[in-house]
Amino acid sequence: MRTAIQLWTLREHPGSQDELFERIAAAGYDGVEFAGLSDPVETAERLQSAGLLAAGTHVDAEAIQSNPAGVTDDLATLGSPYVVVPYLDDDHFADAAAVTETARKLDELAGSVEKPLLYHNHTHEFVPVGTETAFDRLIAETTVGIELDAGWARAAGRDPVTLLETLSGRVPVIHLKDVTAEGEPTELGDGVVDLQAVVDAARAAGTEWLVFEHDDPSDPIASMETAADVLSSLSIE
């Protein structure tokens, strides 16, 4: 498995993209996951110059729907192996009918682009829908892959290890996020997520990329470097 950082973590970095990519590479990451598409040609050149790979790209569902060919072209330029729908609001998981429609929409989006499409969870997908949760119903009704966010799953009261076992073969990318006992994002290694157990389960599930993300770090660069140290201490290979 390879390691990457979701660039949303570093959105407040004041320097240039060149400087940012160099710092990411120096910290020991293999790649980055993009939070949206911007200047793909120049970005791809800078990525290559830093010796980094693209782990995937977050693209809003509306952007994919409105211009699937353009999104496909941009992903190819970046060398991005996956396109990830990063968020759908609560209404998409309000009841069984809504989840069925969401599954249909995701399958339709997946068919419109030439890269595998993944869905990234937060906590609100784990609301009860009848005798199951909306998330469980979603994975049963859609064929798309899942970018499991281990931290948000744990914050929602679910065991990410068990989820990875259930999703084996459908989770090429995971977000290795840590959260407090109260469910708030925290520095990797400071929270309640059993990181090594998640890594082991991810490996068994066929995961290719472990992507670190911190939604609101007080010091993004320090957070990135701390996470890199934690990742280096885990048994990832």
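Expressed as a whole percentage, what fraction of the accessible surface of the chain belongs to carbon and sulfur atoms when a 1.4 Å probe is rolled over the protein heavy atoms? Before the final figure, lay out each step's value.
Details: 4640 of 10080 Å².
Heavy-atom surface of the chain belonging to carbon and sulfur, 1.4 Å probe: 46 percent.
Rounded to the nearest whole Hz, the Karplus-based 3J(HN,Hα) values (6.51 cos²θ - 1.76 cosθ + 1.60, θ = phi - 60°) of segment 219-227 follow the sequence 9, x, 5, 4, 5, 4, 6, 4, 4, with x at glycine and proline. A 1.4 Å probe run over the chain, with the rest of the protein chains in place, finds 43 Å² accessible per residue.
Compute and list, largest first, the equivalent-ellipsoid semi-axes of segment 129-237 from the alpha carbon gyration tensor, each √(5λ) rounded to a whole angstrom. Each step should come with its number before you reach the end.
Details: eigenvalues 114, 54, 26 Å².
Equivalent ellipsoid of segment 129-237: 24, 16, 11 Å, largest first.
Could you order peptides 204-211, 69-76 by the average number of other Cβ atoms within 10 Å of their residues, highest first?
On the way: 204-211: 20.6, 69-76: 17.1.
Descending packing order for the listed peptides: 204-211, 69-76.
Grab the Cα-Cα distance for Ala69 and Asp216, subtract it from 0.36 nm times how many residues apart they are, and report the gain in nm with one decimal. Could you put the intermediate results ahead of the total?
On the way: separation 147, 0.36 × 147 = 52.92 nm, distance 3.26 nm.
Stretched out fully, the Ala69 to Asp216 stretch lengthens by 49.7 nm.
Just order 78-85, 185-192 by mean Cβ neighbour count inside 10 Å, highest at the front, would you?
Values: 78-85: 21.8, 185-192: 17.8.
Put in order of decreasing packing, that is 78-85, 185-192.
Between Ser233 and Ser168, what FRET efficiency follows from the Cβ-Cβ distance if R0 is 35 Å, with the result rounded to 0.05?
Once the sixth-power term is evaluated, E becomes 0.85.
For the chain, the antiparallel share of DSSP beta bridges with both residues in that region comes to about 15%. Counted over all Cα-Cα pairs of segment 1-144, pairs farther apart than 20 Å make up 51 percent. Our note on the geometry: Cα centres of segment 54-73 and segment 74-98, 9 Å apart. Using the beta-carbon distance between Asp90 and Val192 and R0 = 25 Å, what value does 1/(1 + (r/R0)^6) give for FRET efficiency, to the nearest 0.05? Calculated value: 0.50. Cβ-Cβ distance of Ala140 and Ala181, R₀ of 30 Å, FRET efficiency by 1/(1 + (r/R0)^6): the value works out to about 0.50. Given in Å, the Rg to one decimal and the Dmax to the nearest whole number for the Cα atoms of segment 81-198 are 13.9, 40.
Once you have a ≥ b ≥ c as the square roots of the Cα gyration tensor eigenvalues for segment 142-191, tell me rounded if a/c is under 1.5, and otherwise prolate or oblate according to whether a/b is larger than b/c. Prolate shape, in that a/c is at least 1.5 and a/b is the bigger ratio.
The values are calculated or read from the model by the stated rules, or taken from the named source; none is laboratory data. All figures in this text were calculated on a predicted structure; none of them were measured in a lab. Backbone-built Cβ (ideal geometry, glycine too); neighbour counts: all protein chains shown. Accessible surface areas use protein heavy atoms only, side chains included; no ligands, DNA or RNA. Shrake-Rupley method; radii C 1.70, N 1.55, O 1.52, S 1.80 Å.
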